[in-house]
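In what follows, a single structure is set out as structure tokens and then discussed.
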Amino acid sequence: MYYRDTWVEVDLDRIQQNVSRIKQHSGFDHLYAVVKANAYGHGDINVARAALDAGADMLSVAFLDEALHLRRAIKDVPILVMGAIRPEDLAVAAAANIDVTAHDLHWIESILAYDGAPANLHLKIDTGMNRIGLKDADGVHKACQLIDTNPKLNRVGLFTHFATADAQTRAGYDAQMQQLDALTAQVDLADFRYVHLSNSAALLRFGRQSVANTGRLGISMYGLPPSHEFELPFELKQAFSLHSRITQIKEIDAGSAVSYGATYVAGEKVRLGTLPIGYADGWLRYHQGRQVEINGVQYPIVGRICMDQCMVQIDDRVQIGDQVDLINDNLTVEDAARDLDTIGYEIVCSISDRVPRIYKQGGAVTGERNERFRPDVTGEE
């Protein structure tokens, strides 16, 4: 249930099509659906279920809070926290059957006395991203030895992350693969249940590595390309669209200014439509001047975008209550990213939880998520 005329639609059929095609193309036995950051702004639980139905068999997120939120809704599927957690929170993760990342020796040494529920660990290897992870072969070997001293610690996974798998050339990817070989020379990768290296770009470009049995499917699951530096093997289907409605129409005379700062002044008599969406919803001020679509016709946003509203220059074909498409198949996420000199990730992740998410399959609404008003929630969780 929602009471505002602004909403996101997420096409779960498209997400499932993307997952299925990429898994088949990559050839991996196992596939993590990456649903961090509220599934890149799409909604973690609904997207996770759709991805699992389409062939993913595990989920991954960035931090423990995200994993615990997922676990409340999805009980029996492996969930991996890819970022660092506090050592003292290992018991919380293990009790919820959530896998965590062992990223350096100090962290591993701090959990050696752990005596709670069995805890599943994935060893993070830094092959060139220089973010988190072990960076030398002796450290990787010692990490495995230390973990194996405690029977409550299960060394189930090993992974790395590619920094340039989406670049024009594969030189950076090849260098990281060589570094992986060097860092794991003293350990047997067969001792790990899951070895996962590929992000979306690597899944699409390089397929399965001989040492890996698992991939991590992120941005491309949502139908957005990891970059434009390489040609996709097949078309991805954008699942995200953003909509609003005209709440008021007025005419202003030539010389009249619109919105804060008077950055737009009408050169003639102009018809304006107001939309209930603004920068607090993630529709940032940088979108001023971009086009929206109403009844198949495109119109420009004029004046500065406000916190909760913005204005569009329209004509007499537009009426109060008409649907306004800010992102759709004609005005794509990638178009917005290109106009703002950013990436598609930022566009979808920026749309805030003030905006309800509506889920569709087979053209029909199958679910809804509104974080600002949930009539089924009567108290604290």
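The values are calculated or read from the model by the stated rules, or taken from the named source; none is laboratory data. Just so you know, these numbers come straight off a predicted model, no measurement behind them. FYI the Cβ positions are ideal-geometry reconstructions off the backbone, even for glycines, and counts take in every protein chain you see. Accessible surface areas use protein heavy atoms only, side chains included; no ligands, DNA or RNA. Shrake-Rupley method; radii C 1.70, N 1.55, O 1.52, S 1.80 Å.
Observations on the model:
- Beta bridges by DSSP in the chain, antiparallel share as percent, to the nearest 5: 50
- Between 0 and 90 degrees, the angle of helix 137-148 with respect to the longest Cα principal axis of the chain falls at about 80 degrees.
- Over the range 260-381, all Cα pairs binned in 5 Å intervals from 0 give whole-percent P(r) values of 2, 9, 17, 20, 20, 15, 8, 4, 3, 1, 0, listed from short to long.
- Surface composition of the chain: carbon and sulfur atoms hold 46% of the protein heavy-atom accessible area at a 1.4 Å probe.
- If you wrap the tightest convex hull around every Cα atom of the range 84-188 and split its volume per residue, you get 93 Å³.
- With the charge dipole of the chain set up from +1 on Lys and Arg Cβ and -1 on Asp and Glu Cβ about the Cα centre, the Cα lying farthest toward the positive end among the listed residues Leu224, Ala117, Tyr3 is that of Tyr3.
- Hydrodynamic analysis of the chain uses the Kirkwood radius over alpha carbon pairs. Inserted into Stokes-Einstein at 10 °C and 1.306 mPa s, it gives a translational diffusion coefficient of 70 µm²/s.
- Rounded, prolate or oblate (a/c below 1.5 giving rounded, otherwise prolate when a/b exceeds b/c) for the range 7-150 by Cα gyration tensor: prolate
- Taking max minus min of the alpha-carbon positions on each principal axis, the range 195-246 gives extents of 55, 22, 14 Å, largest first.
- For Ser259, net neighbour charge (Lys/Arg +1, Asp/Glu -1) across residues whose Cβ lies under 15 Å away: +3
- Linear extension gain, Asp57 paired with Ala95, 0.36 nm per residue minus alpha-carbon span: 11.6 nm
- Charge dipole magnitude, Cβ of K and R +1, D and E -1 - the chain, Cα centre, debye nearest 20: 220
- Sorted largest first, the principal axis extents computed over the alpha-carbon atoms of the range 28-67 equal 27, 17, 12 Å.
- Result for the chain in a Gaussian network model with C-alpha springs under 10 Å: among His103, His122, His141, the largest mean-square fluctuation is at His141.
- A simple rule links phi to the HN-Hα coupling: the Karplus curve 6.51 cos²θ - 1.76 cosθ + 1.60 with θ = phi - 60°, which for the range 292-306 gives 10, 10, 10, 6, x, 10, 9, 9, x, 6, 10, x, 5, 6, 8 Hz, with x for Gly and Pro.
- Neighbour count of at most 12 Cβ within 10 Å plus DSSP loop: longest trypsin sites (Lys or Arg not before Pro)-free window in the chain: 132-268
- Across the chain, Cα pairs under 8 Å and at least six residues apart give a relative contact order of 18 percent.
- Each distinct pair of alpha carbons in the range 184-287 adds a 1/r term; the inverse of their mean, the Kirkwood radius, is 18.9 Å.
- Each part gets one Cα centre, and for the range 189-227 versus the range 343-362 those centres are 24 Å apart.
- Over the chain, accessible surface divided per residue gives 44 Å², non-protein components excluded, 1.4 Å probe.
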